[in-house]
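Enquirer: My questions all concern the structure below.
The values are calculated or read from the model by the stated rules, or taken from the named source; none is laboratory data. Quick caveat: nothing in here was measured; it's all calculated off a predicted structure. All Cβ positions, glycine included, derive from the backbone under ideal geometry; neighbour counts span all protein chains shown. For the accessible areas, the whole protein counts, side chains as well, though only heavy atoms, and no ligand, DNA or RNA atoms are used. Shrake-Rupley method; radii C 1.70, N 1.55, O 1.52, S 1.80 Å.
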Amino acid sequence: MATILDRIVEFTADRRGYITTRQARHIGIDPTQLRLLTARGQLEHHARGVYRVLSTPTAAHDDMAEAVAWSLGRGVVSHASALHLYGLLEERPTPICITVPRDNYPRSAGSDRYRIRRRDLNTSDVTEHVGIAVTTIERTLRDCAADGMDIDCLTGAIDKAVSVGLLDRKTAQELRGIRWPEPANLRSAALARLRIQSVDATTPMSPSRLAVLSSFMRLAVVDGYSGVTMRSLAGALNMKAPSLYSHFPGGRDQIAAEALRWNCFAFAQSAVQAVDGVNDPDEFFDALVRNHALQQFALVQNDIFDLIVASDRITGTTLPENIRDEVLDLSDVYRRTLFAAIRDIGFVGEVALVGDIAITVLDGVSSWTRNSPGMTDDAVADAALTTVRAVLAAHSTAEERRSAE
């Protein structure tokens, strides 16, 4: 009769030795047995709810197999990480990108190692490669194109996929014939995603509920995030603390989480409104940068928000999982909108690098304006734009490419 370990070994044979507590239940094994086998030295604990059979030989890309297991076994390696897994991209993307169903919420511990995309993939878009669940070659290439990957990398990946037998010539010809998104279309697509995901910023929400969330963020600026209590919040709203519980049964934790979510979505909405109807690429970029700077300058609570999110990235415990995912997803969409705008104004170089530098500069507005009291909104916005434009100029490789040609 097969032992529990035998059953686990058989189940994980084509899964790089990984098993989750969810999978254990699915095959009729009490998850507590995983902990017992770990104590006996037959399994090893890799992440919360993720175990691996110790006798399984290690192999390349085990970290990607662990990523799939960490997603409760429902995720797949995707985008640039999938391209690397297939051997079509030399540089190893960090963090590992995985696509999970929209209703999938993995544990927060370890989330800093992964970039999570939420989408309900068709079964025809998912396959296995070297024993790891991954998006198909075609789906991967389309996803990378939508992400704005360099066209040379994409066409090179298509050619290599054909040469090693991962892609048939007919599909490759079809992919080569696709008009990959031009920068302006990338910008429009990114803005469309930002518009859709930011529409939930303040609706449906009553004025009284919105007042609570706004007051929480204002108090957090004065008293610190952890210093805001139900009593102090009720006092600021000129109401009794018990009345707050009728709106927020979860108390301070619920208010804090919803306030952070609202702040994030409100910021995204301001960006959408700032560029609404702007078609010229330079005007679009300038409006996006100026709005970011003014939001940070005028609303000090945005600094509190940035600190809380940064703290959560380190500890993984500051924000509830559902709020964390929403905040990170929206932040990622905003980031890609800025990257698309940078491409659209003709920048040649490492877009992700200069984009992240720009965001760091803009997030730090309150720091570099602190010793310049009396700065007007226009002066702050102009200074931010000048600095960000200078960053782009300093990192542009356009002249180098022209010289090489």
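Enquirer: Do any residues in segment 1-17 that are touching a residue at least 40 places away in the same chain (Cβ under 8 Å) have Cβ atoms under 7 Å from those of residues that are assigned to a helix (DSSP H, G or I) and surrounded by fewer than 16 Cβ atoms within 10 Å (Cβ to Cβ), where the two are at least six apart or on different chains, and which pairs are they?
Expert: Partner pairs satisfying both residue conditions: none exist.
Enquirer: If we keep just the residues of segment 248-258 that are surrounded by 15 or more Cβ atoms within 10 Å (Cβ to Cβ) and modelled with pLDDT of 75 or more, which is farthest from residue 298 (Cα to Cα)? First the steps, then the outcome.
Expert: Quick first cut of segment 248-258, residues surrounded by 15 or more Cβ atoms within 10 Å (Cβ to Cβ) only: 248, 252, 254-258.
From what's left, modelled with pLDDT of 75 or more: 248, 252, 254-255.
Working: 248: 28, 252: 25, 254: 26, 255: 23 Å.
Applying the filter and picking the extreme gives 248.
Enquirer: Tally time: how many residues in segment 315-342 are open to solvent by 40 Å² or more (accessible area, probe 1.4 Å) and modelled with pLDDT of 85 or more?
Expert: 1
Enquirer: Just give me the residues in segment 240-274 being in contact with a helix residue (DSSP H, G or I) (Cβ under 9 Å, 6 or more places away or on another chain), without any contact (Cβ under 8 Å) to a residue 24 or more places away in the chain and part of a loop (DSSP other than H, G, I, E, B), in sequence order.
Expert: 240, 250
Enquirer: Name the single residue that is surrounded by the most Cβ atoms within 10 Å (Cβ to Cβ) among those in segment 150-165 being at pLDDT 85 or above and assigned to a loop (DSSP other than H, G, I, E, B).
Expert: Restricting to residues being at pLDDT 85 or above and assigned to a loop (DSSP other than H, G, I, E, B), the top hit is 164.
Enquirer: Looking only at segment 259-288, how many residues end up being buried (at least 20 other Cβ atoms within 10 Å of the Cβ), among the charged types (D, E, K, R) and at pLDDT below 85?
Expert: 1
Enquirer: Name every residue in segment 220-237 that is under 16 Å from residue 257 (Cβ atoms), within 28 Å of the chain's Cα centre (by Cα) and open to solvent by 20 Å² or more (accessible area, probe 1.4 Å), in order of residue number.
Expert: Within segment 220-237, 225, 226 meet the criteria.
Enquirer: Tell me which residues, restricted to segment 41-72, are aromatic (Phe, Trp, Tyr) and either at pLDDT below 80 or over 22 Å from the mean Cα position of the chain (by Cα) (or both).
Expert: 51
Enquirer: Out of segment 130-143, which residues are open to solvent by less than 40 Å² (accessible area, probe 1.4 Å) and either at pLDDT 85 or above or among the charged types (D, E, K, R) (or both)?
Expert: Listed by number, the residues that qualify are 132, 133, 134, 135, 136, 137, 140, 141, 143.
Enquirer: Between 168, 125, 112, 147, which is at pLDDT 90 or above, acidic (Asp, Glu) and touching a helix residue (DSSP H, G or I) at 6+ places or on another chain (Cβ under 9 Å)?
Expert: Numbers: 168 fails: at pLDDT 90 or above; 112 fails: at pLDDT 90 or above; 147 fails: at pLDDT 90 or above.
Only one candidate qualifies: 125.
Enquirer: Taking the criterion of being assigned to a strand (DSSP E or B), among the basic types (Lys, Arg) and buried (at least 17 other Cβ atoms within 10 Å of the Cβ), would at least one residue in segment 108-123 satisfy it?
Expert: yes
Enquirer: Still on this model: When residue 89 is evaluated against the numbered criteria (1) within 18 Å of residue 127 (Cα to Cα); (2) within 22 Å of the chain's Cα centre (by Cα), which criterion, by number, is the only one it fails?
Expert: Condition not satisfied by residue 89: (1).
Enquirer: Kindly evaluate residue 312 against the criterion of being modelled with pLDDT under 65, more than 16 Å from residue 360 (Cα to Cα), open to solvent by less than 30 Å² (accessible area, probe 1.4 Å) and among the acidic types (Asp, Glu).
Expert: Against the criterion (modelled with pLDDT under 65, more than 16 Å from residue 360 (Cα to Cα), open to solvent by less than 30 Å² (accessible area, probe 1.4 Å) and among the acidic types (Asp, Glu)), residue 312 qualifies.
Enquirer: Closer than 27 Å to residue 334 by Cβ, of a type in the set (Ser, Thr, Tyr) and out of contact with any Cys (no Cβ under 6 Å at 6 or more places or on another chain): is that true of residue 243 in this structure?
Expert: Considered against the rule, which asks whether it is closer than 27 Å to residue 334 by Cβ, of a type in the set (Ser, Thr, Tyr) and out of contact with any Cys (no Cβ under 6 Å at 6 or more places or on another chain), residue 243 comes out as no.
Enquirer: I'm trying to understand the selection: among the residues of segment 36-53, which are without any contact (Cβ under 8 Å) to a residue 24 or more places away in the chain and within 16 Å of residue 69 (Cβ to Cβ)?
Expert: 38, 44, 45
Enquirer: If a residue counts only when it is open to solvent by 30 Å² or more (accessible area, probe 1.4 Å) and over 21 Å from residue 100 (Cβ atoms), which strands (runs of 3 or more DSSP E) contained entirely in segment 1-76 have at least 1 such residues? Spell out the reasoning first.
Expert: Working: elements: 18-20, 43-47, 50-53.
Output list reads 43-47.
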